[in-house]
Amino acid sequence: MKHILFIFFTLISTFSIAQNVNLEGYVFEKGNRGYLNVVRVLATHNGDVIGEAFTNNDGFFNMEVPANSKLVLLYSKDMFNGGEKKVNVGKAKTFVKIEMGRSPGYIFEITLAEKRESIEIPVDAIKGARIEVYNKTTKEEVMDLIDHPHPEFRINLVKGNHYIILIRKNGFLSKRMEAKVNVEGCILCFEGVGRVTPGIADNLTEGNDYGVLLANVEMERIFEGKKLTIQNILYETNKWKLTGNAMQEMTKVITLMKDNPNLTLQLGSHTDSRGKSASNKELSEKRAKAAVEFLIKRGEINRNRISSYGYGEESLINKCRDGVKCTTEEHAANRRTELRIVGITDLKDVKSLAQMMKSIEMESMIEELMNQEEIKVSDGDNLEKAIEKREGTVVKNSINRAMTKEENETRVNNERKRLIDLKNAKPKLETTDKTGRVGENLPDSENLDKDKENDMAGLDVVNDSSIVESNGDANNGVKIIVLQSRTILQEDHAIFSTFDNIEIHRTSDSRLFYMIGGYDTTSDAILEYNSKIVKNYPKAFLASFKNGIMTMINQ
């Protein structure tokens, strides 16, 4: 009987200890500035999380916790200083109040609408856009809202960060904005945004430590024939070479084309009416071609997406024709560069902003590696440590597309046709270096210098028997990228006699990676790299491939 009573009282005691009660409360902003929603509240006991809740729109939260317990509540919310609060829970419901102070930074509230062409014509708010935010400072994706159902959205801008905001909507020109918050000398700087004003309900503090900012962002409709003027593309008199300032402006065109991969454009150059009409026509054609070549080479834009046209003085925008007296400013208005939309493609596969930024970061880092002085890997160091010593950081990921089978066949056919054309063309004055590579009108010394650079290409001659163009599943596994080139290497390049079964990976910007692979593990590839590759090819690096996706290996 005693045993039965002992078990009975033990069960009652256990039940009493294990009984749960409600813990509820409110979270509000310091200074009675209102209740806070989406605050995360964690209940912990001896360091273990035993409950979690989020506040609603009224700042209220509720959770079940053990009765007669001593807890520590941890609370956090973006743009606010988190903290902890000790709570003694009794036998019944327990109520708490939590006060939170705002951390330095801003809430950026944006409303999307179609660009107003006239004051009299009403415009609609834009819904269903894709809204992406990327933090360039931390190299992280902050937001990716696909088919956002509302025209309004908000972003938390934390001090010490540089943000890129990209808004895309079918039928509209993509809108890119940048926000710098206490970086690069900017306390609060915006690019690509119209007027930004403090919010009505929550103005900026006196010291500009935090607050709410409002902006109306207009998006332009696209259609074939639409013209986009490029500002500040100026040339010296009777010259067509781009100036430094003009190059800076042209980089904006590169960004525009990459943000809008569905557009095919014509770049048109216009002159004023002064001078002979034929000369103005010729000059504008040269200027347009120079600008297009800059986009293709510097921006790595596909040549099929951009064409040039010189209008000369045939499309003036004011009265300043021959014989009409005009001011210098009026003539200057006619000297302009314009982009005209000549084609709109319905693209299904479009990179996200995060993928675009990672690709740019990766390509920039690879460019540095390929063009820098030799990286020496000492005993005990792996490739990552050697790179970090030189660069300070390593960009880990990049998403690039390998050639499809159809693209490969097209490339090979085009290459063969080009070689036939070269063979039948009138010979040019040429010299060759000791490897047999050909350089047009170059002295032997320059060719010898080129031979010293392993990643310099000669004529675009492909050795189809020794190269496997990577595509699809054939490109899977761990690879060593030995060389990089903008054009196809000659068949007598040393790499082909040094390694068997060279593979090529082409990125979306037509960069060619010459690589070797077939390693079972990353360790095998690292061993091969350190023992055989790095001595003769110090700019080589490791990457893994899966279904055409390349990821640089951070060892």
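The values are calculated or read from the model by the stated rules, or taken from the named source; none is laboratory data. These figures come from a predicted structure and were not determined experimentally. In this analysis, Cβ positions are derived from the backbone assuming ideal geometry, glycine residues included, and neighbour counts consider all displayed protein chains. Side chains included, ligands, DNA and RNA excluded: accessible areas come from the protein's heavy atoms. Shrake-Rupley method; radii C 1.70, N 1.55, O 1.52, S 1.80 Å.
Before moving on, here are some points about what is shown:
- Additional length obtainable on full extension of the chain from Glu24 to Glu220, 0.36 nm per residue less Cα span: 65.7 nm
- Annotation for segment 115-147: GluC sites (Glu not before Pro) lying in DSSP loop with at most 15 further Cβ atoms inside 10 Å of their Cβ are Glu117, Glu120.
- Above-threshold pairs, the threshold being 27 Å between Cα atoms, out of Lys479/Lys535; Lys297/Lys319; Lys180/Lys239: Lys297/Lys319; Lys180/Lys239
- Computed on the Cα atoms alone, the convex hull of segment 291-335 gives a volume of 88 cubic angstrom per residue.
- Cut-off 16 Å, label 7 Å out along Cα→Cβ of Asn170, residues of segment 254-279 by amide N: 261-263
- Asp524 sits with roughly 70 Å² accessible to a 1.4 Å probe, with DNA, RNA and ligands left out of the calculation.
- R0 of 22 Å, Cβ-Cβ distance Ser364-Thr137: FRET efficiency to nearest 0.05: 0.90
- Cα-projected label distance for Phe60 with Val72, points at 7 Å along beta-carbon direction, nm: 3.0
- Distance violations [Cα-Cα > 25 Å] among Lys169/Lys227; Lys252/Lys358; Lys30/Lys85; Lys77/Lys258; Lys289/Lys325; Lys136/Lys175: Lys77/Lys258; Lys289/Lys325
- The stretch between Leu347 and His331 holds 1.7 nm of extra length on full extension. This uses 0.36 nm per residue minus the Cα-Cα distance.
- The alpha carbon radius of gyration of segment 194-325, expressed as a multiple of 2.2 N^0.38 Å, is 1.42.
- For segment 193-343, share of DSSP beta bridges that run antiparallel, in % to the nearest 5: 70
- Every pair of different Cα atoms in segment 11-108 enters the Kirkwood calculation, which places the hydrodynamic radius at 14.1 Å.
- Heavy atoms of Leu234: accessible area, 1.4 Å probe, square angstrom to 10: 110
- Local electrostatic count, Gly225, Cβ distance below 14 Å [Lys/Arg +1, Asp/Glu -1]: +1
- For segment 475-555, the share of accessible area belonging to carbon and sulfur comes to 46 percent (1.4 Å probe, ligands and nucleic acids excluded).
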